[in-house]
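J.: Can you read through this structure? Questions will come right after.
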Amino acid sequence: MSLSKIWIPVAALSMMFLMPAAAVEPTAAEHQQMAEPRSMSFQIPMNNYCSLENPQDFSFQLSNASDSAANITVRFFQQDGTEFKEEGTAYREMKSDIVPGKPTSLQAHATGVYHINFGNHKQCNERVYLGEIKVNSGQASLLATGWVNTAGTYEKIVVNDNRKFDLSAPVSTAGTSSP
């Protein structure tokens, strides 16, 4: 058997294994997007006295530090893990335009806000202890902060050590071509 008779089938078989692998290789932008997390979770310091006489105010703000709109969802969870989807309140120039659990588009350099009272507006046993910010599509560069007020004492809500964070929705590598 000659070497040329062996070489042709071996070369063809090698190409069969190499071509599909190259066809699904993500682009450099997709690699970066895959490396970034999709969501950021944070704690809300609500474990304090709460009653009609001692209500707790919860305020949260989320800023888009990107040059383009961010498609995001903010979620809040009660102590038992139940998702809290109550729309926020507006009171004395405190506004609420973030609706927990609902996707929203936050324009470039815009800030979304949320405020609610536990003890007067909502029951104390409905308080939230965990928050999550999730990007629904594309990428977002965000800043978030907030506070809980109990009897005039403010506790800060710290998200990512008060630093900007980048989130990315998962990308589908199906149908991408080699670089």
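J.: So what are the ³J(HN,Hα) numbers for the stretch 69-76, from phi and the Karplus equation (6.51, -1.76, 1.60; θ = phi - 60°), rounded to whole Hz, Gly and Pro as x?
T.: 4, 10, 9, 10, 9, 9, 10, 10
J.: Under 18 Å between alpha carbons: how many lysine pairs meet that in the stretch 36-168, if sequence neighbours fewer than 8 apart on the same chain are excluded?
T.: 8
J.: Taking every pair of distinct Cα atoms and averaging 1/r, then inverting, what Kirkwood hydrodynamic radius in Å comes out for the stretch 36-168? Walk me through the numbers before you get to the answer.
T.: Values: mean 1/r = 0.0671 Å⁻¹.
So the Kirkwood estimate lands at 14.9 Å.
J.: For Ser141, Ser41, what's the fewest-to-most ordering of other Cβ within 10 Å of each Cβ?
T.: Least crowded to most crowded, the residues run Ser41, Ser141.
J.: Using the number of other C-beta atoms within 10 angstrom as an exposure proxy, rank Lys102, Lys95, Lys134 with the fewest first. List each step's numbers first, then the result.
T.: Values: Lys102 11, Lys95 15, Lys134 18.
The most exposed by this proxy come first: Lys102, Lys95, Lys134.
J.: Follow-up. Grab the Cα-Cα distance for Glu36 and Leu52, subtract it from 0.36 nm times how many residues apart they are, and report the gain in nm with one decimal.
T.: Working: separation 16, 0.36 × 16 = 5.76 nm, distance 4.28 nm.
Gain in length upon complete extension: 1.5 nm.
J.: Work out from phi, with θ = phi - 60° and the Karplus expression 6.51 cos²θ - 1.76 cosθ + 1.60, the ³J(HN,Hα) of each residue of the stretch 45-58, listed in order in whole Hz, and give x for Gly and Pro.
T.: For the stretch 45-58, the Karplus-derived couplings read x, 9, 7, 8, 4, 8, 6, 4, 7, 9, x, 10, 9, 10 Hz, x marking Gly and Pro.
No lab work stands behind these numbers, since they all come straight from the coordinates. Since the model is a prediction, treat every value here as computed from it, not as a measurement. Note that each Cβ is placed from the backbone with ideal geometry, even for glycine, and that neighbours are counted across all protein chains shown.
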